[in-house]
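Engineer: Before anything else, here's the structure in question.
The values are calculated or read from the model by the stated rules, or taken from the named source; none is laboratory data. Source: prediction; values computed, not measured. Because the Cβ atoms are built from the backbone with ideal geometry, glycine has one as well, and the counts that use them run over all protein chains shown.
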């Protein structure tokens, strides 16, 4: 059990989330992850490594989709259930290790914010260390994600920009139409995070999208929020990234094109 909890507001207070005061604490990555998933009301979405449920609940709030989360740490899984109940949103949480996942259902979309730090000094908090430090290879995460997808469904991940080569090399052969969206803190800055999305059975060409810029000013030199309209729509209003940014049509349309 956690020694102490905090209650934090996400989506400008639309979601109230209990988190451990010490340990892994969700910030903006799960919010951006949820904003990238092109789910619709009534569809089924699986999140691997759901933590306290931030990404899943952001997506359920925006879309009305039915969410299932898998979490290996019992304390975090329990908080995810409590957060779903407190926010009156549909989230089923399964406690288990994704490498031995007994789940056999298929889903319209699968998403994950996997641990992606391969080295460095271990955290003093075991829960935080498990949430951030890679144990299973990224390729294994994507293999499990692809296996749980229905034909035509999407898999969406957010991870550090330095892990893109690992992600592309480990891409399961059953998915394609890969789109990579860099997230850059400011214009002219190298992106530190990437969102990758692929479609099961997709055959469209690889697309590297223009970076999504998160802050409007060239530098943070004053107090107050300076996020871009896109970031404000996602972080404050619970909106999503524009589509079909992540969903090229079967005819092979590219980012920004409207389907006929």
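Engineer: Just a yes or no: is a residue in region 68-78 more than 26 Å from residue 142 (Cβ to Cβ), assigned to a helix (DSSP H, G or I) and in contact with a strand residue (DSSP E or B) (Cβ under 9 Å, 6 or more places away or on another chain)? Break it down into steps so the answer makes sense when it comes.
Structural biologist: We begin by selecting, within region 68-78, every residue more than 26 Å from residue 142 (Cβ to Cβ); these are 75, 78.
Applying the additional criterion that residues be assigned to a helix (DSSP H, G or I) yields 75, 78.
Now restrict to residues that are in contact with a strand residue (DSSP E or B) (Cβ under 9 Å, 6 or more places away or on another chain): 75, 78.
Yes, the conditions are met somewhere in region 68-78.
Engineer: Please go through region 27-50 and pick out each residue that is outside any loop (DSSP other than H, G, I, E, B) and on the phi > 0 side of the Ramachandran plot.
Structural biologist: none
Engineer: Assess whether residue 53 counts as being on the phi > 0 side of the Ramachandran plot and in contact (Cβ under 8 Å) with a residue 12 or more places away in the chain.
Structural biologist: Taking the combined requirement at face value, the residue satisfies it.
Engineer: Which residues, taken from region 213-251, are under 23 Å from residue 157 (Cβ atoms), surrounded by fewer than 16 Cβ atoms within 10 Å (Cβ to Cβ) and at pLDDT below 65?
Structural biologist: Residues satisfying the conditions are 249, 250.
Engineer: Related question: Taking residue 4 as meeting all but one of (1) at pLDDT below 95; (2) touching a helix residue (DSSP H, G or I) at 6+ places or on another chain (Cβ under 7 Å), write down the number of the exception.
Structural biologist: (2)
Engineer: Another question, then. For the structure I just gave you, tell me whether residue 55 is buried (at least 18 other Cβ atoms within 10 Å of the Cβ), in a helix (DSSP H, G or I), modelled with pLDDT of 95 or more and touching a strand residue (DSSP E or B) at 6+ places or on another chain (Cβ under 9 Å).
Structural biologist: Yes: the conditions hold for residue 55.
Engineer: Those residues that are out of contact with any helix residue (DSSP H, G or I) (no Cβ under 8 Å at 6 or more places or on another chain), surrounded by 18 or more Cβ atoms within 10 Å (Cβ to Cβ) and in contact (Cβ under 8 Å) with a residue 40 or more places away in the chain, I need them from region 145-194; list them, please.
Structural biologist: Hits for region 145-194 are 145, 146, 148, 149, 153, 154, 177, 179.
Engineer: Kindly indicate the residue of region 87-119 that is touching a helix residue (DSSP H, G or I) at 6+ places or on another chain (Cβ under 9 Å) and in a helix (DSSP H, G or I) and also modelled with the highest pLDDT among those meeting that condition.
Structural biologist: Per the criteria, the residue is 98.
Engineer: Tell me, please, whether a residue that is under 15 Å from the mean Cα position of the chain (by Cα) and surrounded by fewer than 16 Cβ atoms within 10 Å (Cβ to Cβ) can be found in region 1-21.
Structural biologist: Within region 1-21 (the criterion being under 15 Å from the mean Cα position of the chain (by Cα) and surrounded by fewer than 16 Cβ atoms within 10 Å (Cβ to Cβ)), the answer is no, since none of the residues qualifies.
Engineer: Sticking with this one: Within region 18-26, is there a residue that is in a helix (DSSP H, G or I), in contact (Cβ under 8 Å) with a residue 40 or more places away in the chain and either over 25 Å from residue 100 (Cβ atoms) or in contact with a helix residue (DSSP H, G or I) (Cβ under 9 Å, 6 or more places away or on another chain) (or both)?
Structural biologist: no
Engineer: Specify the residue that is nearest to the chain's Cα centre (by Cα); the eligible residues are those in region 58-67 that are crowded, with 24+ Cβ neighbours inside 10 Å and either farther than 16 Å from residue 239 by Cβ or touching a residue at least 60 places away in the same chain (Cβ under 8 Å) (or both).
Structural biologist: Per the criteria, the residue is 58.
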